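First the structure, in the form of structure tokens, and then the observations on it.
The values are calculated or read from the model by the stated rules, or taken from the named source; none is laboratory data. Because the structure is predicted, anything quoted here is derived from the model rather than measured. Methodologically, a virtual Cβ is constructed for each residue, glycine included, from the backbone with ideal geometry; neighbour enumeration extends over all protein chains shown. Keep in mind that these areas ignore ligands, DNA and RNA; they rest on the heavy atoms of the full protein, side chains included. Shrake-Rupley method; radii C 1.70, N 1.55, O 1.52, S 1.80 Å.
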Amino acid sequence: MNAAADRGLVLHVMPWRETSLIVEAFTREHGRLGMIAKGARRPRSALRGLLQPFQLLDLRWSGKSELRTLIAAEWVGGLAMLSGSAIMPGFYLNELMVRLLPREDPHPVVFDDVLATLGLLARQEAEGRGREMTEPILRRFECNLLRELGVAPNFDRETASGAPVAEAGFYQFSPQSGVIRLGPRAMESAQASSQAVDLIHGRTLLALARSQQSIEQAVHAFEDPEIAAESKRLLRALLGQHLGEDELHSRQVMRDLVRI
């Protein structure tokens, strides 16, 4: 029967035929998998209420084709449910993983980080700090996801020379060229032109480099408004290179909600 099992999270579901679902799941040891949940839309299906985002599940499936057959799902618990302003950031995490993680490519470090990030989002919302903490939490997750996928530079080193980044220094960054230190004249020229938006403080780069510390320490670094703004701009450039031209739906929804 070629059955396999793993702990996982549901990233996305869509209807399939009259009574079934196609499920995109992220499992700890098998990576992202597509599964057919046969009969999951029937009123009496044991799967009907389980295949929801942000729930930790024990999944069992069979098959080796691109779409496996989901045999069973069991709720594990231990993961606080998202509510309020934490829900859309949760969907943003899911969409990033659907778009960036190849199928059948295990990333247990990312899986564990997703659980930690969802837990932090839920905790901050429960404490009434959901809106103010969302951006720092997402910056940390984005940085670590890109690093785990092997597409983030060493933020604490200049790309060409390997020289350590100075906290008080000024730099430019692009996905193609990496981290480049600016001398006084180059900095003045950049500040006087449209390139000013590309200026990155050394302390921002070092905050990104330290984001693999404990989640609370990393998030604290991104609470600084200047570091938060520069980190967001830099990470958006890196993500954009790998996401392509299609806008993330969850990101657009979050922008619309801020305007409301």
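List of remarks:
- For region 16-145, the spherically averaged projection of the C-alpha convex hull amounts to 8.2 nm².
- Within region 32-141, chymotrypsin sites (Phe, Trp or Tyr not before Pro) in DSSP loop having at most 13 other beta-carbon neighbours inside 10 Å: none
- If the chain linking ALA3 and GLU104 were pulled fully straight, counting 0.36 nm for each residue of separation and taking away their Cα-Cα distance, it would gain 34.8 nm.
- Full-extension gain in nm, HIS242 to GLU132, via 0.36 nm per residue minus C-alpha separation: 36.8 nm
- Accessible-area value, ILE180, 1.4 Å probe, nucleic acids and ligands omitted, Å²: 80 Å²
- Acute angle (nearest 10 degrees) that the helix 249-259 long axis makes with the longest principal axis of the chain, alpha-carbon atoms: 60 degrees
- All C-alpha to C-alpha distances of the chain, sorted into 10 Å bins beginning at zero, yield P(r) values of 7, 27, 31, 21, 10, 4, 1, 0 percent in whole numbers.
- Region 20-36 - phi-based ³J(HN,Hα) in whole Hz, Karplus 6.51/-1.76/1.60, Gly and Pro as x: 10, 9, 9, 10, 9, 10, 10, 9, 5, 9, 10, x, 7, 10, x, 9, 9
- For GLU29, nonlocal amide neighbours, meaning residues 5 or more places apart or on other chains whose placed amide H falls under 5 Å from its own, are ARG7.
- Here the chain carries DSSP beta bridges of which approximately 90% are antiparallel, counting only pairs with both residues inside.
- Restriction of the trypsin sites (Lys or Arg not before Pro) in region 33-70 to DSSP coil positions whose beta-carbon has at most 15 other beta-carbons within 10 angstrom yields ARG44, ARG48, LYS64.
- Charge tally in the Cβ shell below 10 Å around LEU33, where Lys, Arg are +1 and Asp, Glu are -1, LEU33 excluded: -1
- Residue-count net charge about ASN94 - beta-carbon cut-off 11 Å; Lys, Arg +1, Asp, Glu -1: 0
- With Cα atoms defining each centre, region 112-178 and region 195-246 are spaced 5 Å apart in the structure.
- The sum of -39500 (n - 2.57) across all DSSP H runs of n ≥ 4, divided by the residue count of the chain, sets its helix-only mean residue ellipticity at 222 nm to -13000 deg cm²/dmol.
- Approximate spin-label separation GLN52-HIS12, in nm, with each point projected 7 Å along Cα-to-Cβ: 2.1 nm
- Rounded accessible area per residue of region 12-153, 1.4 Å, Å²: 46 Å²
- Sites VAL151 and GLU223, calculated FRET efficiency, Cβ-Cβ separation with R0 25 Å, nearest 0.05: 0.45
- Note on SER65/ALA116: beta-carbon distance plugged into 1/(1 + (r/R0)^6) with R0 of 35 Å gives a FRET efficiency of 0.60.
- Here the accessible area of the chain is 51 percent carbon and sulfur, with a 1.4 angstrom probe and all protein chains present.
- Cα-based shape type of region 102-190, given that a ≥ b ≥ c are square roots of the gyration tensor eigenvalues and the cut on a/c is 1.5: oblate
- Between the amide H of TRP16 and those of LEU21, ILE22, distances stay under 5 Å, these residues lying 5 or more places away or on another chain, with hydrogens modeled in the peptide plane.
- Longest DSSP-loop-exposure-free segment, GluC sites (Glu not before Pro), the chain, at most 14 other Cβ within 10 Å: 168-222
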